[in-house]
Amino acid sequence: MKEDTKLAAAGRPHRRPSHPVNTPVERASTYLFPTYDDLIEGGKNIVYGRLGGPTHRALEEGVNILEGGFETRLASSGLMAVNAALLAFVRAGDHVLVVDTVYDPVRKFCDRFLKRFGVETTYYDPMIGAGIEDLMRAETKVILAESPGSLTFEVQDLPAIADAARKKGAKLVVDNTWGAGYFLKPIALGAHVSVQSGTKYLSGHADCLIGTLTSADEATSKQIFLALLQLGSNVSADDAYLTLRGLRTLSARLRRHQENGLALAKWLQKRPEVDRVLHPAFKTTPGHAIWKRDFTGASGLFGAVLKPVAPPALKAFFNAMKLFGMGYSWGGYESLCIPVRPEAYRTANPWTEKGPTIRLHAGLEDIEDLIVDLDRAFAAMNAVKE
């Protein structure tokens, strides 16, 4: 089957004379077993609510098919998924390599939590490619990549990094939220684990928190499962159901996000207030050639560097928007725009742009209305400048 057909068919109820189209929500903490032998054998996949039930298994099946993995497990958020993937493979005295453009809460987890337990973190330039081998040590156990990079959208050479990881016996974990498992297949490029914040595109409606971890092989999947089990991570059946429902329309939504995102990025590129657009589909974004090689499309999230402007003018820009919301997420049907500060986080490759950086998410609204909204915002900004 083609990918869009798989998204529609995966995780559906088994056929019987009469059955629902969708896997029902099954809320349960306790499962009962008819015999002693059934209890001791563990009921195979479903033994206790924290480990998930039929609704969770259906979503895991769907995401696993999407990512092309051996097994998928769920976590309570995207952050939990990334953190669990790190904890699955490290112990005191180990070393991890983390891309300098990583999601900032993950950076804080490395600097504050892992450090307390004797795990050292080194941040690397997102454009390092095969050169990452020079940063690896005998105690390097994990490389954490995020492609494109958070806030600034550099695209990493995942096959080269995966090759270096395998040579040195380390695990490559890739945050695949931007590509949503649809536009990028990290496991096919050599990653051991592909992680997503399903809160974003998989669910697609800004109404639940969930994370996914897809393993490339059985040994890796066992380590991921044990980490989630021992951390006590769990996902509600309702959130699993919402995400499974979102999965059905993923391809249709992503195509619209891509269309609107590219249209907005091209429009912004022509604005006199914009210094540079940060979008993997643009030649001016580092890693553009890699994006063309490894990705099959672009989602709706991108950024832009504005020319230097006074804080009151930037404030007027954001306050004038009517359709673009200001909120710390993305991937839903709604358009968003927020100011971001890459310079506050980067250490391996400092961010030195002179003007403010903004991050936009192109939702599913009519593109002409979104352009009008941004035009209104720029007019408000320019009025203050004058």
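Coordinate-derived values only; no laboratory data. Quick caveat: nothing in here was measured; it's all calculated off a predicted structure. All Cβ positions, even for glycine, are placed from backbone atoms using ideal geometry, and neighbour counts span all protein chains on display.
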Expressed as an acute angle from 0 to 90° and rounded to the nearest 10, what is the orientation of the C-alpha long axis of helix 367-385 relative to the principal long axis of the chain? 50
Pick from Asp38, Asp239, Asp207: which is most flexible by mean-square fluctuation in a GNM of the chain where alpha carbon atoms under 10 Å apart are linked? Asp38
Please list, or write none, the aspartates and glutamates whose alpha carbon is within less than 13 Å of the alpha carbon of Lys168, excluding same-chain residues fewer than 8 places away. Glu133, Asp134, Glu139
Counting other beta carbons within 10 Å of each residue's own, what order do Val305, Val63 fall into, fewest first? Val305, Val63
Full extension between Asp238 and Arg341 adds, at 0.36 nm per residue less the Cα distance, a length in nm of 33.6 nm
Have a look at Pro159, Gly179, Gly149 and report the one farthest towards the positive end of the charge dipole of region 149-191, computed about the Cα centre with Cβ charges (Lys/Arg +1, Asp/Glu -1). Pro159
Separation of alpha-carbon centers, region 299-376 and region 110-171, rounded to whole Å: 28
Charge dipole magnitude, Cβ of K and R +1, D and E -1 - region 3-248, Cα centre, debye nearest 20: 480
How much length is gained on full extension from Arg376 to Arg166, taking 0.36 nm per residue of separation minus their Cα-Cα distance? 70.5 nm
Sorting Met136, Met1 on the 10 Å Cβ count, fewest up front, what's the list? Met1, Met136
Once both labels are modelled 7 Å past Cα along the beta-carbon direction, what's the Ala8-Arg112 spacing in nm? 4.6
What full-extension length gain, to one decimal in nm, is calculated for Arg245 and Leu39 as 0.36 nm per residue of separation minus the Cα-Cα distance? 71.0 nm
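Taking the Cα centre of region 251-385 as origin, sum charge times position over the Cβ atoms of Lys and Arg (+1) and Asp and Glu (-1), and report the length of that vector in debye to the nearest 20. Don't jump to the answer; show the numbers that get you there.
On the way: 19 positive and 13 negative charges, 84 e Å.
Roughly 400 debye, rounded to the nearest 20.
Counting only C-alpha contacts under 8 Å and six or more residues apart, can you give the relative contact order of the chain as a whole percent? It would help to have the intermediate numbers written out before the result.
On the way: 797 pairs, mean separation 66.3, N = 386.
Value for the chain: 17 percent.
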Based on DSSP H runs of at least 4 residues, each adding -39500 (n - 2.57), what is the mean residue ellipticity at 222 nm of the chain after dividing by all its residues, to the nearest 500 deg cm²/dmol? -10500 deg cm²/dmol
Highest GNM mean-square fluctuation among Pro20, Pro280, Pro148, for the chain with Cα springs under 10 Å, belongs to Pro20
What angle, in degrees between 0 and 90 and rounded to the nearest 10, separates the Cα long axis of helix 78-87 from the longest principal axis of the Cα atoms of the chain? 60
Mind jotting down the distance between the C-alpha centroids of region 50-94 and region 202-256, whole Å? 7
To the nearest 20 debye, region 31-145 has a Cα-centred charge dipole, built from +1 on Lys and Arg Cβ and -1 on Asp and Glu Cβ, of 440
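Around Ala130, with a cut-off of 14 angstrom between Cβ atoms, what is the net charge of the other residues, counting Lys and Arg +1 and Asp and Glu -1?
Its environment carries a net charge of -2.
If R0 is 56 Å, what FRET efficiency do you get for His19 and Glu120 from their C-beta distance, rounded to 0.05?
Efficiency computed from Cβ-Cβ geometry: 0.60.
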Which of Trp330, Trp351 comes first, and how do the rest follow, when ranked by fewest Cβ neighbours within 10 Å? Trp351, Trp330
Just one of (1) 5, 23, 31, 24, 12, 4, 1, 0; (2) 5, 24, 35, 27, 9, 1; (3) 5, 22, 32, 28, 12, 2, 0 is P(r) over Cα pairs in 10 Å bins from 0, in percent calculated from these coordinates, so which is it? (1)
State the answer as a single residue: which of Gly332, Ala344, Asn382 lies farthest towards the positive end of the charge dipole of region 302-382, with beta carbon charges of +1 for Lys and Arg and -1 for Asp and Glu, about the Cα centre. Ala344
Could you work out which residue, out of Val47, Val119, Val96, moves most in a Gaussian network model of the chain, that is, has the largest mean-square fluctuation with Cα springs under 10 Å? Val47
May I ask which residue of Ser203, Gly11, Thr122 lies farthest towards the positive end of the charge dipole of region 3-248, with charges of +1 (Lys, Arg) and -1 (Asp, Glu) on Cβ and the Cα centre as origin? Gly11
